Amino acid sequence: MSGPVAEDMSMFEELDRRSRLTGNQKRIVLAAVLGDMLEFFDYFLIGFVLAFVVGPWGLTFGQSAIILLSSGFGAIAGAYLWGWMADRIGRRPVFTLTILNFSLATGLLAFTPDGGWVYLTVLRFVVGFGVGGLYCVDLPLVQEFMPSRKRGLIGGLVTVFIPVGVLLGSLFGAYLTPSIGWRGLFAAGVLPGLLVFLVRLWVPESPRWLARQGRAEEARRALAWALEVPPESLPLPRPEEVAETPTRWTDLFRYPRSLVVSWFGNLGAQTGVYGVTLWAPTLFMLILHVPPAQASKLMIGLTLGGLVGRISFALLSEGIGRRRAGGLLGFGAALMIALAGLYHDQMWFGYSALWLLLIAAFFFADGGFAVVGPYAAEVWPAHLRTSGMGSAYGFGGIGKVIGPLGLALVVGSDNVIKPEATVENILPAFLYLAAWFVLAGAVYLLLGIETKGRSIEAIDRELHTPEPAPRPLPAAGE
């Protein structure tokens, strides 16, 4: 479209009229895809490295858990801070700073001394700090450039490539670590830093954020660039679209339904999936009696299950809606995880039942994050979008701690290297994780705000609609 638009049409309504993405919109999506993929390549490297050092360093389950949990604590802090910063200083600078944060910290892990589990723990905290921030800014940034009818699908597809990052870690752990060593694996974690240059070339500031800052002309230019039309062909934002509301963290509590759905949906999903993911390579070694490299290869199957799941849930979010897709994530994952704990010591069709059932579990548990992340941004008003998503991801980040820690405590954290991995402790541990998935499914299904097919502005209007005033009590004698 190159001619002037109707004067009574909002700039963002013109965006919502589009049925196909332009080349520039696709570049924004690609930058976010690469960011998430490489971000989680860095984040989950520790799961593969730990399989190589737990024996030589003589680490207890408790020490191993501390190493794994440190990045979870970092992600909690990073999600809150970077999410709030993205609402204050903009999406684009925070996108860049978080990439530098986690990639440089991962590179420094290459200098970990032998037995240096404390050094490893501290820098893993810094890695998690950056990872928590990037996840909370790139999805809202993409959503704010997308038409409503594609927002759920595109937001979900951005997360699809997160398992590819874990897959890269699996391949590096299985095939490259024997030649480059685990320190070389960490050194490769610097590579995502190169993405900063693509961000600076491809990703403009969000037009919706610019409009709320009163920078109307810049907002129009940013959206015109994305739509590949002359700026003058778009109307300037309407007055109500440039009225900035100050971003105060305490304002999150003015939206209790958004808070409960996004916080506890994230908590349940993250507790379950991180508990399994971070311990899976070690559990394969202990239960299936395979070497570290083989444990990394087994993780490839889980990753592929999650990849197929994310594509499926990205489509389901637009097909059956966010609430039902979230319910399917929670209850489907809970069932598969419980069955994996029940049949962990059996063989089916010549394969470990534990491995097969965890692949099926990852279809729901990991695949469902194609809904969890994008939805956590959609349910907050415009001026709190990244703050709200950051708070949800940060609160959910408690799951990065209580998921792996809970499994470690049930399996036996006092034992060195070889805890008693029997049905008496593996089954309760997996049931513990399944219960968290049930929480997520129930929250989405029973309390969720349906956002399918609705514009960001329409969701904002609903969230800002005041509750009906209570009727006054009758005076005495009436």
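In this calculation the C-beta distance from Trp348 to Glu217 is compared with R0 = 41 Å, giving a FRET efficiency of 0.05.
The stretch between Leu236 and Gln294, if pulled fully straight at 0.36 nm per residue, gains 15.1 nm over its current Cα-Cα span. Nonpolar atom fraction for the stretch 299-452, defined as the carbon and sulfur part of the 1.4 Å probe accessible area, stands at 72 percent. Think of it as helices only: each DSSP H run of n ≥ 4 in the chain is worth -39500 (n - 2.57), and spread over all residues that comes to -23500 deg cm²/dmol at 222 nm.
For the chain, the dipole from Cβ point charges (+1 on Lys and Arg, -1 on Asp and Glu) about the Cα centre works out to 420 debye, to the nearest 20. Modelled spin labels at Arg149 and Phe111, positioned 7 Å past Cα toward Cβ, are 5.4 nm from each other. Working ranking of peptides 138-148, 181-191, 334-344 by packing, defined as the average number of other Cβ atoms within 10 Å per residue, highest first, is 138-148, 334-344, 181-191. Among 75-85, 127-137, 252-262, sorting by the average number of other beta carbon atoms lying within 10 angstrom of each residue, highest first, gives 127-137, 75-85, 252-262. Only lysine pairs 8 or more places apart, or on different chains, with alpha-carbon atoms under 22 angstrom apart are counted in the chain, and they number 4. Between Arg461 and Ser179, the modelled label-to-label distance comes to 6.0 nm, taking each label 7 Å out from Cα in the direction of the beta carbon. Modelled spin-label separation between Leu431 and Trp249, with each label point placed 7 Å from Cα along the Cα-to-Cβ direction: 3.9 nm.
Place the peptides 201-209, 350-358 in order of packing, highest mean first, counting for every residue the other Cβ atoms within 10 Å and averaging per peptide.
The packing order, highest mean first, is 201-209, 350-358.
The values are calculated or read from the model by the stated rules, or taken from the named source; none is laboratory data. These figures come from a predicted structure and were not determined experimentally. When we count neighbours, we look across all protein chains shown, and the Cβ atoms used for this are built from the backbone with ideal geometry, even at glycine. These accessible areas exclude ligands, DNA and RNA; they are computed on the full protein's heavy atoms, side chains included. Shrake-Rupley method; radii C 1.70, N 1.55, O 1.52, S 1.80 Å.
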